[in-house]
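Engineer: Pasting in a structure now, in structure tokens, and then I'll have a few things to ask.
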Amino acid sequence: MHKKTLPSLLRTVRILQPCQCLLGVKIPSLMRNYTSRSGLLLHEIKPWTPASIATSIPIRFLHQRTSVNAEENNPVCGSSACSGQDHVREEYGQTERGPSLDGEEAKLQAAATGPPSKSCVDVLDAFINLHCRHELYCSVMNLFNILAYGKTLTLCEKRCISDHPNFSTLCYEVMKSAPSMSSRFLICGLHVFVTVDVNQKTRLIQTLLNALQHRLSTLNLDEISLLSTCLKMMKRDKSMDILHSGLSLLIELKCESVGDVPTLQRLMRIAPAHMRRKLEGKALQMIDKFTVTQCHNMFSVLADINYHSESLLDSCSHKIIGCLDELSCKRIVSLTGYCSKLSYFNENLLSAIGDNIMTSVYMWNIWQISIVLKNMAFLRFRCVPLLDYFADKILQESKSLRINYLVTTVRVFSILNHLPKGKENKFLETLNTALNIHMTAMRNKELLRTVYNFCLLGLVLPSPINNLLEDTSFISTLDNTEKAFLRHIRLCLLLESGTCPFSIDDMEKVEVNHSHSVLMCHTFLKSYFKDPALYQENMQFPSSYFIDFVLTVDREQNKLVHAGDSSWNMTRIAVLCCTANAFTLGSLHPVGKMALKMRHLKSLGFTVVVIPINQFIMMTEDKKVQFLEENIFRDLSCNQNSVLSNKTQQIEHHNENLI
């Protein structure tokens, strides 16, 4: 073929191919044998420019196997699957994928970093040219950007899109052009149609799924990630199962060759659950390559897939602790959120975050600190300097304290059982004043929780409590947790007024299924007390507080006496076996619920002794005995001779009986 006519012919074919013209389909097929026989070096077809007319360019034709007699049915009508799916193959090195729009597609993808200003309806209004592939690509990608980066659509908004006159046309054009479009276009189009609730069994969706099945081996990591996200929005069916299986195999193959941290983290986000352990091991092998930012990103990845890897989190935390200055305030806030979501209780990391905030507190606004404190409260971490600083800010803004700050402050300080030292009354008065201002604007359930949090802090507010109790219709709507709040509030109100709802004699033994660690603790305590008559086990007030052991001590004789002795000189001790969640992280400072229980038991006449089970069961026997003697008998005589002699007599008597 003459060198001057060849570029013109190729340009004509290039124009005809996207239009689904019969000539554009058949010419490459006819020319394929000629080009193969001629031994020409084959390359990709480049878009025509005036400068390329006079140049002889080595060309590779693209073979398109498209059915000419395509059905002209509506693509949104029901169909089980689209058979005979065809596609165009274009090579870029070793990668197979659908044809792109060269520079135009790159510009569109580069612009897709944020939500466009148009709405979906605007995009559909502008979709006019049915034969322009460029306009079809732009329309679908614009819809994808709006839906991917915008807010979640309401049912009414989805209906407006699906009922738009141009939407059906767009669907048909996408279905018709699917074989010749890029993989990214197919995935973004699938995301658009799934988001607007196009029926999954329609011919349109099945066509896109079928086309993507043929392209699986050609997808790059970005496209795999997009497709995985899209499939999570869809219901499982036969086509979906095939894609899921293919994606899992593809991700597994890519895991073998991954060599950099960003790629590994992106694979972890999209990998199926059975591969997470393998990727976790690979991440631990590469931990020395992690930067501080990548360690932060690992927290984000694990939080997104809801996978708690203690060893990986510890390794990343170790790197972050020494380099917190490299992270922005926003990243530090998000880090505490990831720890909260993963229930990752790392005292060293949280302490370092608290210290870092206090050293650069001028860079932080009050709202950021409130979020950090809320996340720390969920993790039961009590950062005293930061709490006191926040309390001072609340006192300074007392006249204009907004409702969201009020609710957050009361919740955080009540959970952690903390009041600023020397300013307890002033702080509570400030919060009470703010509650009186905002009480009418609060929903009943929000008010109930806030009043309960005030009770945890030791401030009982009769006025809002009475308002809640008088509303019988509101009480009937409460769930079990909210009813428990109400019971505690009533109990606080009674004890505050000097009215005790029950006495010590009202306690009764209950059957409880304890955990293994609690049973171990109970077993040692019973062996320590020896005589079962000297203690009462698993006691509870009616519909109220549970006590592991009740002991009775004679103050005059300084010894344990039989349970139930009600002489005037007797002291009752409530022994509480508590798990770690009853205390703030890394201390024996009781959290809000535990502190309230201890206050109420003291109001009922008990001396409260708390045994931290997690620490107690790890002690040696000598340490356990020493701990019990220092805590249970600390109110008796210093040498505790009478108590110990009483125990010795019991042991000797027991031995005599055995003999």
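Engineer: Lysines within cross-link reach of residue 235: Cα-Cα under 16 Å, excluding same-chain residues under 8 positions apart?
Structural biologist: 201
Engineer: Explain nothing, just compute: Karplus ³J(HN,Hα) = 6.51 cos²θ - 1.76 cosθ + 1.60, θ = phi - 60°, for every residue of the stretch 592-609 in order, whole Hz, x for Gly and Pro.
Structural biologist: Those phi angles translate into x, 5, 5, 5, 5, 4, 5, 5, 5, 5, 5, 5, 8, x, 8, 9, 9, 10 Hz.
Engineer: Please enumerate, by chain and number, the lysines with C-alpha under 29 Å from the C-alpha of residue 509, excluding those fewer than 8 residues away in the same chain.
Structural biologist: 483, 526, 530, 559, 593, 597, 602, 624, 647
Engineer: Report, in cubic angstrom per residue, the convex hull volume of the C-alpha atoms of the stretch 135-174. Don't jump to the answer; show the numbers that get you there.
Structural biologist: Numbers: hull volume 2.4 nm³, N = 40.
Given the Cα convex hull of the stretch 135-174, per-residue volume reads 60 Å³.
Engineer: I've got another one for you. P(r) of the stretch 316-356 in 5 Å steps, Cα pairs, percent per bin?
Structural biologist: Pairs per bin, as whole percents: 5, 24, 40, 25, 5.
Engineer: Given 0.36 nm per residue, what is the gain on full extension from residue 424 to residue 155 after removing their alpha carbon distance, in nm? Please list the in-between numbers first.
Structural biologist: Working: separation 269, 0.36 × 269 = 96.84 nm, distance 4.98 nm.
The span from residue 424 to residue 155 would gain 91.9 nm if fully extended.
Engineer: Starting at 0 and stepping by 5 Å, how many percent of the alpha carbon pairs of the stretch 116-258 end up in each bin?
Structural biologist: All Cα pairs considered, the percentages come to 1, 9, 21, 23, 20, 13, 8, 3, 1, 0.
Engineer: I would also like to ask the following. I'd like the FRET efficiency for residue 528 and residue 314, computed as 1/(1 + (r/R0)^6) with the beta carbon distance as r and R0 of 45 Å, rounded to 0.05.
Structural biologist: 0.80
Engineer: Could you give the radius of gyration (one decimal) and Dmax (whole number) of the Cα atoms in the stretch 181-259, in Å?
Structural biologist: Gyration radius and largest Cα-Cα distance of the stretch 181-259: 12.2, 41 Å.
Engineer: When only alpha-carbon atoms count, how far does the stretch 340-451 stretch along each of its three principal axes, as whole angstroms with the largest first?
Structural biologist: Principal-axis extents of the Cα atoms in the stretch 340-451, largest first: 41, 29, 24 Å.
Engineer: Full extension from residue 361 to residue 477: what is 0.36 nm times the residue separation minus their Cα-Cα distance, to one decimal in nm? It would help to have the intermediate numbers written out before the result.
Structural biologist: Numbers: separation 116, 0.36 × 116 = 41.76 nm, distance 4.32 nm.
Taking residue 361 through residue 477 to full extension adds about 37.4 nm, to one decimal.
Engineer: With 17 Å as the cut-off, how large is the P(r) tail for the stretch 451-521, expressed as percent of Cα-Cα pairs? Display every interim value, and only then the final one.
Structural biologist: On the way: 1451 of 2485 pairs.
Value for the stretch 451-521: 58 percent of Cα pairs lie more than 17 Å apart.
Engineer: Using the heavy atoms of the protein chains and a 1.4 angstrom probe, tell me the accessible area per residue for the stretch 241-379 in square angstrom.
Structural biologist: Values: 6310 Å² over 139 residues.
Value for the stretch 241-379: 45 Å² per residue.
Engineer: Compute the distance in nm between two label points, each set 7 Å from the Cα along the Cα-to-Cβ direction, one at residue 580 and one at residue 242.
Structural biologist: 4.9 nm
Engineer: Taking θ as phi - 60°, what are the ³J(HN,Hα) couplings along the stretch 201-217 by the Karplus curve (6.51, -1.76, 1.60), each to the nearest whole Hz, with x for Gly and Pro?
Structural biologist: 8, 5, 5, 4, 5, 5, 5, 5, 5, 5, 4, 5, 4, 6, 9, 3, 5
Engineer: Within 10 Å of each candidate Cβ there may be at most 11 other Cβ atoms; applying that plus a DSSP loop requirement, which trypsin sites (Lys or Arg not before Pro) in the stretch 180-255 survive?
Structural biologist: Passing both the DSSP loop test and the Cβ count: 235, 236.
Engineer: Considering the Cα positions of the stretch 209-354, please state its Rg to one decimal place and its Dmax as a whole number of Å.
Structural biologist: 16.8, 53
Engineer: Find, among the chymotrypsin sites (Phe, Trp or Tyr not before Pro) in the stretch 470-570, those assigned to loop by DSSP (not H, G, I, E, B) with at most 11 other beta-carbon atoms within 10 angstrom. Working shown, then result.
Structural biologist: On the way: sites: 474, 485, 502, 524, 528, 529, 535, 545, 546, 549, 568; in loops: 502, 545, 568.
Sparse-neighbourhood loop chymotrypsin sites (Phe, Trp or Tyr not before Pro): 568.
Engineer: How big is D, in µm² s⁻¹, for the stretch 415-556 by Stokes-Einstein at 4 °C and 1.567 mPa s if Rh is the Kirkwood radius over C-alpha pairs?
Structural biologist: Numbers: Rh = 18.3 Å.
The estimated diffusion coefficient comes to 71 µm²/s.
Engineer: Same structure again: Loop only per DSSP, at most 14 neighbouring Cβ atoms within 10 Å: give me the GluC sites (Glu not before Pro) in the stretch 489-590, ordered by residue number. Display every interim value, and only then the final one.
Structural biologist: On the way: sites: 496, 508, 511, 537, 556; in loops: 511, 556.
Answer by residue number: 511, 556.
The values are calculated or read from the model by the stated rules, or taken from the named source; none is laboratory data. All of these numbers come straight from a predicted model, not from anything done at the bench. Note that each Cβ is placed from the backbone with ideal geometry, even for glycine, and that neighbours are counted across all protein chains shown. We work out accessible area using only protein heavy atoms, side chains counted, and drop any ligands, DNA or RNA first. Shrake-Rupley method; radii C 1.70, N 1.55, O 1.52, S 1.80 Å.
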